[in-house]
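Peer 1: Got a structure for you, questions after.
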Amino acid sequence: MPKLDAATLDRLAWVDRQERADPLLSDEVRAHELRVARLSARLAGAAGMDGPRQAQVFTAARFHDAGKLSVPSAVLFKPGRLTADERLQMARHTALGVEILADAAGALQDDIHDAVRYHHERYDGNGYERLAGERIPLVARIVAIADVYDALSATRSYKDGMAPGDALAKMAGDRGAFDPFLLRAFVARRLRDAPPDAVTPGQRAALEAFSLSDPMDDVAPGGPVTIKRSGHRIFWFVDGGGNRKQSAVMHPDGRMQQVGARETGGPASDPRAATGPGAGSEPGLRRAGPESP
Ligand SMILES: [Fe+2]
């Protein structure tokens, strides 16, 4: 497992100290980040990631809201509705988080950066930075699901939490928001983990059916990616003759394999190059190998 370097550990420890030092930050932000980290690691496991990779996802999710340290307390803990200007200040917490952690460098920096910066992206492209689909880093798609579930289900100082069945039903009804395979894996895992009385029999039946449904139900056909029920993703490109061809396969645990090449061994590569502008002329991926040695 790649190790965090000293500079990264120092920076993360500094964030942890800042969050612990303020009772409101500790109760509202740090506690939320820790719950999201546990949910994210479990989802990573349900998606097929091994223990070390789950640990990396945990660490990245643990610090996903670090930017809230730079949001004024009057906005962060304001009871009631935020004004448009205050909402903008809140929305800056992803960029501010990247600034706070900018000194961090090391094997996990990509994961931490991606979780911090992109956890408010939506799969349908209607998130903060309007990144869509497979362009959103895998770790951020995991954290986004865990983050919304915790936001809905956790009881906070200003609101009661939804019952798990209600939260899952709401998320399953907003499928454009989430990675289709990961959302189904998350629902299946939460149904297993939730106490029996936290989900009504009707909700359980509907959610089980949803978790077994085809992820492609949520994706327009003919696009740059096909998501299998197994979680494998097939990336497509159009060759010079206008033919649609496979360029790469991403395994459920994030390992990337170019078609016609041997499987690469590392954690998730960046599939954005495969689906980005100009990808049609290039069957290979810019970063098909492991992210870190
Ligand atoms: Fe956030």
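The values are calculated or read from the model by the stated rules, or taken from the named source; none is laboratory data. Keep in mind that what you see is a predicted model, and the values were worked out from it rather than measured. Please note: Cβ atoms are built from the backbone with ideal geometry, for glycine as well, and neighbour counts cover all protein chains shown.
Peer 1: Out of the residues in the stretch 56-67 that are part of a helix (DSSP H, G or I) and either modelled with pLDDT under 95 or not hydrophobic (A, V, I, L, M, F, W, C) (or both), state the one that is surrounded by the most Cβ atoms within 10 Å (Cβ to Cβ).
Peer 2: Q56
Peer 1: Ok, one more. Touching a Leu at 6+ places or on another chain (Cβ under 6 Å) and either modelled with pLDDT of 95 or more or under 30 Å from I234 (Cβ atoms) (or both): is that true of E121 in this structure? Steps first, please.
Peer 2: Numbers: touching a Leu at 6+ places or on another chain (Cβ under 6 Å): yes; either modelled with pLDDT of 95 or more or under 30 Å from I234 (Cβ atoms) (or both): yes.
It is true that E121 is touching a Leu at 6+ places or on another chain (Cβ under 6 Å) and either modelled with pLDDT of 95 or more or under 30 Å from I234 (Cβ atoms) (or both).
Peer 1: Which residues, taken from the stretch 118-157, are at negative phi and of a type in the set (D, E, K, R)?
Peer 2: First, pick out the residues of the stretch 118-157 that are at negative phi: 118-124, 126-129, 131-132, 134-157.
Answer for the stretch 118-157, where residues must be at negative phi and of a type in the set (D, E, K, R): E121, R122, D124, E129, E134, R135, R141, D147, D150, R156.
Peer 1: So, one more: A220: in contact with a helix residue (DSSP H, G or I) (Cβ under 9 Å, 6 or more places away or on another chain) and either assigned by TED's automatic domain parsing to the domain that holds A151 or closer than 22 Å to D124 by Cβ (or both), yes or no? Steps first, please.
Peer 2: Working: in contact with a helix residue (DSSP H, G or I) (Cβ under 9 Å, 6 or more places away or on another chain): no; either assigned by TED's automatic domain parsing to the domain that holds A151 or closer than 22 Å to D124 by Cβ (or both): yes.
Judged against the criteria, A220 is not a match.
Peer 1: Having 1 or more residues that are closer than 23 Å to G202 by Cα and touching a residue at least 12 places away in the same chain (Cβ under 8 Å) is the bar; report the helices (runs of 4 or more DSSP H) wholly within the stretch 80-188 that clear it.
Peer 2: 138-153, 164-172
Peer 1: Sticking with this structure for a sec: With the condition kept exactly as written, say whether any residue in the stretch 125-141 is of a type outside the set (A, V, I, L, M, F, W, C), touching a strand residue (DSSP E or B) at 6+ places or on another chain (Cβ under 9 Å) and crowded, with 20+ Cβ neighbours inside 10 Å.
Peer 2: Of the residues in the stretch 125-141, the ones of a type outside the set (A, V, I, L, M, F, W, C) are 125-130, 133-135, 137, 141.
Those left that are additionally touching a strand residue (DSSP E or B) at 6+ places or on another chain (Cβ under 9 Å): 133-134.
From what is left, the residues that are crowded, with 20+ Cβ neighbours inside 10 Å are 133-134.
Looking through the stretch 125-141, at least one residue is of a type outside the set (A, V, I, L, M, F, W, C), touching a strand residue (DSSP E or B) at 6+ places or on another chain (Cβ under 9 Å) and crowded, with 20+ Cβ neighbours inside 10 Å.
Peer 1: If you go through the stretch 1-15, how many residues are within 11 Å of R62 (Cβ to Cβ) and surrounded by fewer than 16 Cβ atoms within 10 Å (Cβ to Cβ)?
Peer 2: Restricting attention to the stretch 1-15, the residues satisfying the condition of being within 11 Å of R62 (Cβ to Cβ) are 12, 15.
Narrowing further to those that are surrounded by fewer than 16 Cβ atoms within 10 Å (Cβ to Cβ): none.
Here the count works out to 0.
Peer 1: Under 9 Å between Cβ atoms, which residue pairs at least 6 apart in sequence (or on different chains) link something in the stretch 233-250 that is part of a loop (DSSP other than H, G, I, E, B) with a partner that is among the polar types (S, T, N, Q)?
Peer 2: D239/S281; G240/S281
Peer 1: Can you find a residue in the stretch 39-46 that is assigned to a loop (DSSP other than H, G, I, E, B), more than 20 Å from D10 (Cβ to Cβ), at pLDDT 95 or above and among the hydroxyl-bearing types (S, T, Y)? I'd like the intermediate steps shown before the answer.
Peer 2: Within the stretch 39-46, the subset assigned to a loop (DSSP other than H, G, I, E, B) is none.
No, the stretch 39-46 has no match at all.
Peer 1: For the stretch 68-83: of the residues being over 10 Å from V29 (Cα atoms) and within 13 Å of the ligand (Cβ to nearest atom), which is surrounded by the fewest Cβ atoms within 10 Å (Cβ to Cβ)?
Peer 2: So the residue we want is S70.
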